[in-house]
Structure formats: structure tokens, C-alpha cells
Amino acid sequence: MTDLELMKRALRLAEKGRGRTSPNPMVGAVAVKDGKIISEGWHERAGLPHAEAIAIQKAGEGARGATLYVTLEPCCHTAKRTPPCVRGIIEAGIKKVVAAMADPNPRVSGKGFEALREAEVEVEAGLFEKEARRLNEAYIKHITTGRPFVTMKVAMSLDGKIATRTGDSKWITGERARRLVHRMRGDSDVVLTACGTVVADNPQLTARIKGAKSPIRVIIDPELKSPPGCNVFTTPPQTIVVSKRKLPKELEEKGVKALNYKGELSLNWLMEGLGRAGVTSVLIEGGSSLTGHAIEEGIVDKVVFFIAPVIVGGREAFPAVGGLGVEKIKDSFKVKEMRVRRVGEDLMVEGWV
């Protein structure tokens, strides 16, 4: 296998940890000796051994003289629950490390490579760096800015409507698209919505896919209009309400938490608070008002639009993105590296803002 093939394999292994490693990055590792793969590993969950440690442990004595392909610079600090991987690599006698990218964590960045070279371990870096960065975009955003990576998901008709003029929205997109949204929830630390969506649709906002974890739900509800018996308050996991008012005892007894604010709510303030709490990724699933505010306040990193082959029509039907909008086309928010694919009968369009 070539270097390219081996790093691709390491990236595929890293993907197996998606939705489970936060706040850690997803990492895959492949150990090779005499042209053959002798072991491999991936980081399965925060608190468990890192990919490099697993690959080295599986290789045993065979690790001596081997080359290790890894998707991220091996860690070298001790401020975590697991031993530093650099030490394990050196002690195992690995002769060469091929890494996709440097770790942006200031405690590691470049220091892991430097420690390996000082121990006479050959180091190469940058193979499939772009793919590695996309893989861990949430980790990179959080570790470099302290804020979560925000994805805005919209399900809409061909003419850009998310609901009819009466508020009916079930279901615009098909079953396969909805199943993919469950997977997106499972990949996220938090799903963010507002009381309008809770009142209109009574969603659970859980990841109902085998093996997936459900995200923490954050509900923007300034005046506490969401009914106490709705699904977000009665279905696990945790729900946090962002409000101007104190939670009623009924909700407190259900384990609902409150995040209070005064004046006008700033979504930037909310993202900063979530970031300080260790949240690395947020999925926005809301109505026109929330999506409009999110875009206008500049908190969105990525958009995913599911477009159904239906036309709703009507001036009073709800648009995909509300708010004031821009006055001139040249001031529109640009979406880069756009990707389009079929999901059942629907189209999925994703891109980075």
C-alpha cells in the first residue's frame, strides 16, 4: 500500500469515533512494517486510549522499527486522562511517523513533532492535511477560538419554504433525509432551537439511530412559552432553556437547566458561553427567525440544506431564512466549497460560510 492509501485508511478509522470523542479530536492510526499493516487503532471515546496507543499496544514487539501513519500530531502533554502518545511512540521503538496535520492545541502544536525528532524518530507531516482538517473542524474551531463549530440545518421546498402559511411543516423532506438529520444530531454536542419550533412541532430533537448519542438540547425561550409537557422536557437527555425568566419548579424537578440573560439575546454571547462549558459543536434546527439571526450575527460555520421536490408557494409561507436580509446582492453571505448529492428523493446541499 502507498503512503496515500495508508493515510486514507487512517482517516477512515478516525471517522469511526465521530460523535463520541468530543471534546477530543477524532484520530486514526495505522502501524506498518515491511510493507504490511501490523496493527491499527482509532480514538473511540473521550477518556479512552488514543489511536496511537491502541495501534502500538496491538503491535507489541512488532512496533519496533515500524512506521506509524496518524491523522493528527501525537500529543506530548500530560494535562489529560491518558498518557502522552509521543512517549509511547518513542518507547515502542517506532522509527517513523507520518502525520496528516499538526495539532492546533497550543500545548501540542509542533511540540509533539519536535520531541519525536529529538528522539531520532523520522517525521513527515501534511499528507491529506485538508481532509484531516475537515474531519476535525469542530475540534479545531473550539481549541483555537474557544467557541463551538456551528452547523445550520434547513429542510425546505424547491421555492425556499420551510412551512406553509398555516405553519404546517411535516414532512417537507423524505425519510432518508430525516434519518441523516438524526445522524447529524448524534455527531453534535448541542442541538439549538427556539420556542416557536417547540410549540409548533413538539420535536424530541434526539438521535434515534442505533449506537448514536443524543445531543444536549438548548431551547431559546425568552418568555417560557414552551409547554411543560412537551417532548424536549420529558424525553432524555438534558435540556437547557435560554430565558429571561426563572424556570418554574415543575421544570426544575424534571432536571431542566436555565441559562438566563437580560435585554436582547446575543447568539454570539450564547456561543461563547457554550464554548466555555466545553461544547465543541452546535447543530441549529430552528425556524425562520432563528436561522435569520444566526446568519446575521455571523455564528454559522457550515450550512446543510435539504431541498424537497415540492413547491409550497404563498407570500405568507415561512421562508428558510428570516430576518431583515441584505439590501444588496453583493453583500450576501457567501457559501464556499459547496457540495450537492441526492438523499432519497431530496437534494442535500452543504457548504462553508
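The values are calculated or read from the model by the stated rules, or taken from the named source; none is laboratory data. Quick caveat, the model's predicted, so the values are computed rather than measured. Cβ: placed from backbone, ideal geometry, glycine included. Neighbour counts: every protein chain shown. Remember, those area values only see protein heavy atoms, side chains included, never the ligands or the DNA or RNA. Shrake-Rupley method; radii C 1.70, N 1.55, O 1.52, S 1.80 Å.
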- Under 5 Å between amide H atoms, partner at least 5 residues away or on a different chain: which partners does Arg20 have, H built in plane at 1.01 Å? none
- Interchain or long-range residues, amide H under 5 Å from Ile37's placed H: none
- Task: Take the Cβ-Cβ distance between Glu129 and Lys262 as r, set R0 to 35 Å, and report the resulting FRET efficiency rounded to the nearest 0.05.
- Result: 0.20
- trypsin sites (Lys or Arg not before Pro), loop per DSSP, at most 11 other Cβ atoms within 10 Å - longest free stretch of the chain: 82-169
- Query: Summing -39500 (n - 2.57) over the DSSP H runs of n ≥ 4 in the chain and dividing by its residue number, what mean residue ellipticity at 222 nm do you reach, to the nearest 500 deg cm²/dmol?
  - Reply: -8000 deg cm²/dmol
- For segment 1-151, share of DSSP beta bridges that run antiparallel, in % to the nearest 5: 55 percent
- Query: Along segment 115-132, what does the Karplus equation 6.51 cos²θ - 1.76 cosθ + 1.60 (θ = phi - 60°) give for ³J(HN,Hα), rounded to whole Hz, x for Gly and Pro?
  - Reply: 5, 5, 5, 5, 8, 6, 9, 5, 10, 10, 9, x, 6, 6, 5, 4, 5, 5
- Note on the structure: per DSSP, antiparallel bridges as share of beta bridges in the chain, % nearest 5, sits at 40 percent
- Note on the structure: Against the 2.2 N^0.38 Å rule of thumb, the C-alpha Rg of the chain sits at a ratio of 1.11
- Taking the dipole of segment 147-186 about the Cα centre (Lys, Arg +1; Asp, Glu -1; charges at Cβ), the one of Ala163, Leu180, Pro148 that reaches farthest to the positive side is Pro148
- With +1 on each Lys and Arg Cβ and -1 on each Asp and Glu Cβ, and nothing else charged, work out how big the dipole of the chain is about its Cα centre, in Debye to the nearest 20. 600 debye
- Message: Can you give me the long-range amide H partners of Val123? Hydrogens built in the peptide plane at 1.01 Å from N, cutoff under 5 Å, separation of 5 or more residues or another chain.
- Response: Val97
- Between Ala200 and Thr2, what length comes free when the chain is fully extended (0.36 nm per residue of separation minus the Cα-Cα distance, one decimal in nm)? 65.9 nm
- If the cut-off is 16 Å between C-alpha atoms, which aspartates and glutamates fall inside it for Lys246, apart from same-chain ones fewer than 8 positions away? Asp221, Glu223
- Item | Local electrostatic count, Thr206, Cβ distance below 9 Å [Lys/Arg +1, Asp/Glu -1] | +3
- Within the accessible area of segment 230-316, what % is carbon and sulfur when the probe is 1.4 Å and the other protein chains stay in place? 51 percent
- Note on the structure: In debye to the nearest 20, the charge dipole size for segment 123-209, taken about the Cα centre with +1 at each Lys and Arg Cβ and -1 at each Asp and Glu Cβ, equals 240 debye
- Total formal charge among the other residues, if their Cβ is under 13 angstrom from that of Gly110, Lys/Arg +1 and Asp/Glu -1: -1
- Out of every Cα-Cα pair in segment 109-250, what percent are more than 17 Å apart? 72 percent
- Task: When a/c is below 1.5 the answer is rounded, else prolate if a/b is larger than b/c, else oblate, so apply that to segment 20-134 with a ≥ b ≥ c taken from the square roots of the Cα gyration tensor eigenvalues.
- Result: rounded
- Message: Going 7 Å from the Cα of Arg208 along its beta-carbon direction, which residues of segment 225-255 have the amide nitrogen within less than 14 Å of the resulting point?
- Response: 231-232, 235-237
- Item | Anchor Lys58: aspartates and glutamates whose Cα lies under 18 Å away (excluding residues fewer than 8 positions away in-chain) | Asp34, Glu40, Glu44, Glu91
- Global form of segment 286-353, assessed from the alpha-carbon gyration tensor, a/c cut-off 1.5: oblate
- Note on the structure: Per residue, accessible area of segment 121-270 with a 1.4 Å probe, heavy atoms of protein chains only, in Å², comes to 49 Å²
- Using 1/(1 + (r/R0)^6) with R0 = 41 angstrom and r between the beta carbons of Lys225 and Arg107, what's the FRET efficiency to the nearest 0.05? 0.40
- For segment 1-44, list residues with backbone N below 16 Å from a point placed 7 Å from the Cα of Gln57 toward its Cβ? 27-31, 39-44
- Stokes-Einstein D for segment 221-275 (4 °C, 1.567 mPa s, Kirkwood Rh from Cα pairs), in µm²/s, comes to 109 µm²/s
- Using the structure shown, list the pairs from Lys16/Lys95; Lys130/Lys213; Lys170/Lys254; Lys302/Lys334 with a Cα-Cα distance above 21 Å, or answer none. Lys16/Lys95; Lys130/Lys213; Lys170/Lys254
- If you add up the charges near Pro222, with Lys and Arg at +1 and Asp and Glu at -1, over every other residue whose beta carbon is less than 15 angstrom from its beta carbon, what do you get? +2
- Could you list the residues of segment 199-233 with an amide nitrogen less than 20 Å from a label point located 7 Å from the Cα of Lys244 in the Cα-to-C-beta direction? 199, 219-228
- Task: Enumerate the lysines that Lys249 could reach by cross-link, defined here as Cα to Cα under 18 Å, with residues fewer than 8 away along the same chain left out.
- Result: Lys225, Lys257
- Along the charge dipole of the chain, which of Leu283, Ala59, Ser214 sits closest to the positive end, that is, farthest toward it, with unit charges on the beta carbon of Lys, Arg, Asp and Glu (+1, +1, -1, -1)? Ser214
